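The values are calculated or read from the model by the stated rules, or taken from the named source; none is laboratory data. Given the structure is predicted, the values throughout are model-derived calculations rather than measurements. Here the Cβ positions follow ideal geometry from the backbone for every residue, glycine too, while neighbour counts run over all protein chains shown. Side chains are part of the model used for accessible areas, which takes the heavy atoms of the whole protein and leaves out ligands, DNA and RNA. Shrake-Rupley method; radii C 1.70, N 1.55, O 1.52, S 1.80 Å.
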Amino acid sequence: DYMNPLLYECKIFPVYIQLGAEFEARELVHEFWKRVNEELQRLHAILVGERVATDALGDEQAITQDLMKRLTYQGAKGFVIFVDDLHKGPLDKAMGFMSYLQIISSQLRRTTDLDIGFFVAGAIDWETAIANSPKFSGSVDRQERMPPLELDVAYEAISKRFKTFAKNPENPRQLDPQLVERIFKRLQYSGLDITFRRIMR
């Protein structure tokens, strides 16, 4: 959400989807297309003011391509699809979907001539699976481990959250920097991982 304004400035349209851990790999693929199309439909409705009739296009991949082409007419130079929560399910299902995602990205780039990127939230144990399997190593272009959270970043992010959810965004509640610092130090002493969620709790 914090990145979206920057992406829109560059005419890169973000699409955020969550894929539940309960799905089998085949269901993940179906759910992926369904949710991407829902988000693209929503985005198109916001930009153009109308919903698109896509029933006659047949399969979900064709619907995605049609919606992306329509959005390029509205100024989109590319798309970033964020896939969240995949890491909460079994590793084999997640890796199976990641392999399929590589095929999807190749097909979309080839058939739509659009710039399309994927960000997938993963787990640390994925690193070993990807490193030890040629089948999965080609499914990820770049891995980035989240750096340790720093105090000033935590303060800035939580302040932005206050502003985002404020009744009056022009005058949001002010966060006490000393309070955040005390919480941060308490977590450091506890030995727990310092995360945004823990600080906010």
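Table for the structure above
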quantity: First in the stretch 59-72 and open to solvent by less than 40 Å² (accessible area, probe 1.4 Å) and assigned to a helix (DSSP H, G or I), second anywhere and modelled with pLDDT of 85 or more and among the β-branched types (Val, Ile, Thr), Cβ under 6 Å, 6 or more apart; calculated: Thr64/Val36
quantity: Output for the stretch 87-99, where each listed residue is in a helix (DSSP H, G or I), in contact (Cβ under 8 Å) with a residue 60 or more places away in the chain and under 17 Å from the mean Cα position of the chain (by Cα); calculated: Lys88, Phe97
quantity: Any chance Ser133 is surrounded by fewer than 17 Cβ atoms within 10 Å (Cβ to Cβ), free of Cβ contacts under 8 Å to residues at least 24 places away in the same chain and of a type in the set (S, T, N, Q); calculated: no
quantity: Flag for Gly117 being surrounded by fewer than 16 Cβ atoms within 10 Å (Cβ to Cβ) and modelled with pLDDT of 75 or more; calculated: yes
quantity: Single residue of the stretch 160-200 satisfying the filter (farther than 29 Å from Asn4 by Cα and either in contact with a Gly (Cβ under 6 Å, 6 or more places away or on another chain) or of a type in the set (A, V, I, L, M, F, W, C) (or both)) that is surrounded by the fewest Cβ atoms within 10 Å (Cβ to Cβ); calculated: Leu192
quantity: Residues (more than 19 Å from Arg197 (Cβ to Cβ) and of a type in the set (A, V, I, L, M)) located in the stretch 140-177; calculated: Val140, Ala166
quantity: Yes/no for Gly122 being in contact (Cβ under 8 Å) with a residue 24 or more places away in the chain, touching a strand residue (DSSP E or B) at 6+ places or on another chain (Cβ under 8 Å) and either open to solvent by 40 Å² or more (accessible area, probe 1.4 Å) or of a type outside the set (D, E, K, R) (or both); calculated: no
quantity: Positions within the stretch 83-94 being of a type outside the set (Gly, Ala, Ser) and buried (at least 19 other Cβ atoms within 10 Å of the Cβ), in sequence order; calculated: Val83, Leu86, Lys93
quantity: Flag if Arg109 is more than 27 Å from Met68 (Cβ to Cβ), open to solvent by 90 Å² or more (accessible area, probe 1.4 Å) and in a helix (DSSP H, G or I); calculated: no
quantity: Condition met for Lys77 (in contact with a strand residue (DSSP E or B) (Cβ under 7 Å, 6 or more places away or on another chain), open to solvent by 30 Å² or more (accessible area, probe 1.4 Å) and in contact (Cβ under 8 Å) with a residue 60 or more places away in the chain); calculated: yes
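Each row is one residue, and each column tells you yes or no for (1) open to solvent by 80 Å² or more (accessible area, probe 1.4 Å); (2) modelled with pLDDT of 85 or more.
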site	(1), (2)
Tyr2	yes, no
Leu6	yes, yes
Ile17	no, yes
Ala21	no, no
Glu31	no, yes
Val36	no, yes
Arg42	yes, yes
